[in-house]
Amino acid sequence: MTLAQVAVAAASDIKWLRNSSALLRRRIRYTAADSRWWGLVRLLTERLQLPLNGAARAATAALLGQTGALVRLDGDPSHSASLQVDLARYGSVFLGNLSRALVHETPKRRGRPARRSVGGPIAAARRYGIDLGLLRSALERTPAERLAMLEANAAFVRGMRKA
């Protein structure tokens, strides 16, 4: 994956990823799992206005506790407030973003596209006008026979040059 693909999969932009990575002192790895984590951190900071450090801890705890669809994260020692993450729903949204990132954000190959010859190199040689029967008959001979034929042709060319 590229940085642009990670950003699309995490539903963020590249600038937010780089700044958050610097603040959290966490390297961005170009994997789907890391994109999932960054996406959940982005969701918690943007929608619930959690501080970045708290969102990072909550995202790590939520993604580590993947046993059920709903994960409850206790944030208050008095248990008067808690955070509940629906991992099934978030996973569905993330997979849609990941698919979009991999399909639409894939870098274009540089240069001209390679020409594909229909039928392979033998058909291309035939279309060009090469006598394949002559090639096949030459390849059926032993190397010694081919060398003798080459010597005979060279002697013929030398004789023609003298004449």
**Prompt:** Taking 0.36 nm per residue of separation and subtracting the Cα-Cα distance, what length does fully extending Lys15 through Arg110 add?
**Reply:** 31.6 nm
**Asked** In the chain, what percent of the accessible surface is made up of carbon and sulfur (1.4 Å probe, ligands and nucleic acids excluded)?
**Response** 57
**Asked** Rolling a 1.4 angstrom probe over the protein heavy atoms, how many square angstrom per residue are accessible across the chain?
**Response** 75
**Item:** Per-residue HN-Hα couplings for the stretch 100-111 [Karplus 6.51, -1.76, 1.60; θ = phi - 60°; Hz; x = Gly/Pro]
**Value:** 5, 5, 6, 7, 8, 9, 6, x, 6, 6, 7, x
**Item:** HN-Hα J in Hz across the stretch 121-134 - Karplus 6.51, -1.76, 1.60, θ = phi - 60°, x for Gly and Pro
**Value:** x, 5, 5, 5, 5, 5, 5, 6, x, 6, 7, 6, x, 5
**trypsin sites (Lys or Arg not before Pro) within the stretch 87-163: DSSP coil, no more than 13 neighbouring Cβ in 10 Å** = Lys108, Arg109, Arg110, Arg115, Arg116, Arg141
**Complete:** Per the Cα gyration tensor, the chain corresponds to an equivalent ellipsoid with semi-axes, largest first in Å, of 70, 17, 14
**Item:** For the stretch 38-54, 3J(HN,Hα) per residue [Karplus equation, 6.51 cos²θ - 1.76 cosθ + 1.60, θ = phi - 60°, Hz, x = Gly/Pro]
**Value:** 4, x, 5, 4, 4, 4, 5, 6, 7, 8, 9, 6, 6, x, 4, 5, x
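The values are calculated or read from the model by the stated rules, or taken from the named source; none is laboratory data. Source: prediction; values computed, not measured. Cβ sites come from the backbone with ideal geometry, for glycine too, and all protein chains shown count toward neighbours. What goes into the accessible areas is simple: the full protein's heavy atoms, side chains included, and nothing from ligands, DNA or RNA. Shrake-Rupley method; radii C 1.70, N 1.55, O 1.52, S 1.80 Å.
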